[in-house]
């Protein structure tokens with residue numbers, strides 16, 4: 001399962017072994033115990049990956065073979081590909097953009113998405129450090 005955490009400053013991807021149903025159940029139990037509101041609804045999410053990542057072609061092949069309707073790739077512009085996912089949105093306020101999105105895909109697609117996102121984050125942090133000089 002992939003867990004995408006969206007915050008005001010960006011988002012973070014994690015790859016988890018538990019099922020989406022297990023994560024939702026734990027979140028609902030926690031919300032009930034602490035007396036907080038929780039919203040869980042079917043949804044979709046998207047994020048961008050640079051087109052110059054060498055492993056992107058591996059993801060394209062995996063999506064064609066194993067993706068089904070839960071993942072799609074679309075050229076956003078000359079520099080980015082948009083990855084669209086179908087899954088479940090968990091938040092405390094449906095009007096806000098902060099929350100957690102979860103989806104279950106094939107192991108290969110999850111692995112490739114996670115590694116491509118990590119590579120993008122590594123490049124972004126190196127670029128940020130260089131610009132801080």
Every listed condition ((1) surrounded by 12 or more Cβ atoms within 10 Å (Cβ to Cβ); (2) touching a residue at least 24 places away in the same chain (Cβ under 8 Å); (3) in contact with a strand residue (DSSP E or B) (Cβ under 8 Å, 6 or more places away or on another chain)) holds for residue 16 save (2)
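What is the residue count in the range 60-84 for residues that are touching a residue at least 24 places away in the same chain (Cβ under 8 Å) and surrounded by 14 or more Cβ atoms within 10 Å (Cβ to Cβ)?
Of the residues in that region, 11 qualify.
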Tell me which strands (runs of 3 or more DSSP E) are completely within the range 71-133 and hold 2 or more residues being closer than 30 Å to residue 32 by Cβ and at pLDDT 90 or above, or say none if there are none. 80-91, 99-103
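Can you tell me which residues in the range 46-59 are touching a residue at least 40 places away in the same chain (Cβ under 8 Å) and either surrounded by fewer than 17 Cβ atoms within 10 Å (Cβ to Cβ) or closer than 15 Å to residue 108 by Cα (or both)?
50, 55, 56, 58, 59
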Conditions (1) surrounded by fewer than 16 Cβ atoms within 10 Å (Cβ to Cβ); (2) touching a residue at least 12 places away in the same chain (Cβ under 8 Å): number failed by residue 96: (2)
Just to confirm my filter: which strands (runs of 3 or more DSSP E) fall fully inside the range 1-53 and include at least 2 residues that are over 25 Å from residue 74 (Cα atoms)? 39-50
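The values are calculated or read from the model by the stated rules, or taken from the named source; none is laboratory data. Please read all numbers here as calculations on a predicted model, not as lab measurements. Cβ coordinates were reconstructed from backbone atoms using ideal geometry, including for glycine residues, and neighbour counts include every protein chain displayed.
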